[in-house]
Structure formats: C-alpha cells, structure tokens
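Right, one structure below, let's go through it.
The values are calculated or read from the model by the stated rules, or taken from the named source; none is laboratory data. Model, not experiment: these values are computed from the prediction. Reconstructed Cβ throughout: ideal geometry from the backbone, glycine too, with neighbour counts over all protein chains shown.
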Amino acid sequence: MLFKIAGMVVVAYLLGSIPSGLWIGQIFYHKDIRQLGSGNIGTTNTFRTLGPKAGVVVLFMDVLKGTLAASQPYLLGVSHTVNPLLIGLFASLGHTVSLFDHFHGGKAVATSAGILLAYNPPLFGVACGIFVATLLLTSMASASSIIGITSIFLIALGIHDWILAIVAGILTLLVLNRHRGNIKRIMNGKESLVHFGLVYYLKKKHAQ
C-alpha cells in the first residue's frame with residue numbers, strides 16, 4: 001500500500017506540474033505567457049493575453065489535472081483507505097511549484113476546483129456558483145477565487161467533513177499567499193477587472 005500511495009502522490013504532483021498556460025502559449029501562439037500581462041501561467045492571464053479560446057482550454061486542462069489526480073484512489077480501488085483529497089492536494093502543489101517551470105507556477109485555483117470535482121461533484125457545483133456570482137458582482141477573478149475557496153473551507157466546517165476542511169484550509173492559505181499582490185491591489189482599488197460585471201459597469205459609467 002505504501003508503494004501505491006507513493007506512486008499516486010508522484011503522479012498527482014506530475015499532473016499538477018503540467019504548465020498548461022505556458023505550453024499552450026508556446027506551442028500554438030509562439031508566445032511566453034510569463035512575459036505577458038501579469039506573468040502568471042493560469043487561466044485568467046491566459047484569457048487576457050491569448051484570448052478566450054486559449055483561456056477555456058487552459059481552464060479545462062487545469063481542472064482536469066486536479067480531477068485526474070484525486071481520482072486515482074477511486075480508479076485503483078483504495079478510496080476506502082486513502083482519501084482522494086489528500087492525493088489531489090499534491091496536484092495543487094505541483095501547479096504552484098511546477099517541475100516543468102523551474103519550480104514556479106500558477107495560483108492553484110482551477111486545479112483545486114478539479115480536486116473537489118472528483119471528491120464531491122455537488123459541492124463543486126456550489127463552488128462554481130459562488131465563483132460566478134462573486135465575479136459578476138466584483139468583476140475581479142482574484143476576489144472570486146479567494147471567496148470561492150474560502151467558502152468551501154467554511155462549508156466543510158459546517159458539514160463536519162474534517163478532511164475536506166483541512167485540505168480546503170491548506171488550499172485557502174496557498175491561494176491567499178499566491179494572491180498577495182492581488183489583495184494589495186484590491187485594497188488600493190487598482191486590481192484589474194474583467195470586462196463585465198457590476199463593478200466594471202459602474203466604473204465604466206462613472207468614467208463617461
């Protein structure tokens with residue numbers, strides 16, 4: 001069993017390490033996304049710098065990384081002894097400290113969502129709903145990510161799913177750490193906005 005667990009951890013880390021945004025940009029657009037926009041290789045910066053088509057592909061790939069990683073215990077028939085969340089956690093680690101990107105990486109939001117999709121699909125739907133609602137109100141992907149992952153942590157505490165609470169708590173701290181710059185810009189009113197949502201509409205209206 002120890003060898004099986006070690007194997008799943010390694011596979012989860014390697015899956016998470018796949019730098020989707022970086023590779024999509026290099027292969028199909030001949031651009032290094034690390035040199036564009038915010039320099040982040042995740043979904044939001046891909047949308048902004050490479051366009052919606054690339055952004056959707058990167059979002060799908062990053063979610064899939066987490067889902068595949070966390071699905072390993074189910075696929076190997078050991079989910080009764082190895083919690084999928086604990087394996088999936090290493091995918092988020094790989095995404096932020098990627099073996100294929102000189103141990104740099106993204107902010108782990110989409111990959112963490114993929115882990116939740118494998119573990120609890122209805123709760124994944126709730127998380128998506130919270131993310132979209134927050135995005136429509138704030139026009140900020142960063143704020144939506146932070147509120148989304150924090151909400152899952154609080155929900156896990158509320159339903160007494162202690163393993164999920166621990167993993168979501170770790171991921172919340174990770175996401176907050178990776179969004180330090182965004183949090184400062186939000187507090188200073190300088191955070192980049194998506195081109196829709198209430199805050200974007202109000203700012204655009206005020207500027208007219």
Query raised in the report: Out of (1) over 18 Å from I166 (Cβ atoms); (2) among the hydrophobic types (A, V, I, L, M, F, W, C); (3) in contact with a helix residue (DSSP H, G or I) (Cβ under 9 Å, 6 or more places away or on another chain), the odd one out for F90 is which?
Result: (1)
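Which one of these is at pLDDT below 95, touching a helix residue (DSSP H, G or I) at 6+ places or on another chain (Cβ under 9 Å) and surrounded by 18 or more Cβ atoms within 10 Å (Cβ to Cβ): A70, A108? Can you show your working first?
On the way: A70 fails: at pLDDT below 95.
Of A70, A108, the one residue that is at pLDDT below 95, touching a helix residue (DSSP H, G or I) at 6+ places or on another chain (Cβ under 9 Å) and surrounded by 18 or more Cβ atoms within 10 Å (Cβ to Cβ) is A108.
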Query raised in the report: Given the conditions (1) over 27 Å from I24 (Cα atoms); (2) crowded, with 23+ Cβ neighbours inside 10 Å, which single one is not true for G148?
Result: (1)
Report task. State yes or no: is G106 out of contact with any strand residue (DSSP E or B) (no Cβ under 6 Å at 6 or more places or on another chain) and assigned to a loop (DSSP other than H, G, I, E, B)? Result -> yes
Query raised in the report: Does S92 satisfy the criteria of being in contact with a Ser or Thr (Cβ under 8 Å, 6 or more places away or on another chain), touching a residue at least 60 places away in the same chain (Cβ under 8 Å), surrounded by 20 or more Cβ atoms within 10 Å (Cβ to Cβ) and within 18 Å of S145 (Cα to Cα)?
Result: yes
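So, in segment 49-65, how many residues would count as being exposed (fewer than 15 other Cβ atoms within 10 Å of the Cβ) and either in a helix (DSSP H, G or I) or touching a residue at least 40 places away in the same chain (Cβ under 8 Å) (or both)? I'd like the intermediate steps shown before the answer.
Of segment 49-65, the ones exposed (fewer than 15 other Cβ atoms within 10 Å of the Cβ) are 51-53, 56, 60.
Narrowing the set further to residues that are either in a helix (DSSP H, G or I) or touching a residue at least 40 places away in the same chain (Cβ under 8 Å) (or both) leaves 52-53, 56, 60.
Number of matching residues: 4.
For (1) without any contact (Cβ under 8 Å) to a residue 40 or more places away in the chain; (2) surrounded by 22 or more Cβ atoms within 10 Å (Cβ to Cβ), each residue gets a yes or a no:
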site	(1), (2)
P122	yes, no
L137	no, no
S144	yes, yes
F153	yes, no
N177	yes, no
K184	yes, no
K190	yes, no
**Report entry** Residue, surrounded by the fewest Cβ atoms within 10 Å (Cβ to Cβ), within segment 16-48, restricted to residues that are touching a Ser or Thr at 6+ places or on another chain (Cβ under 9 Å), assigned to a helix (DSSP H, G or I) and aliphatic (A, V, I, L, M)
**Finding:** I24
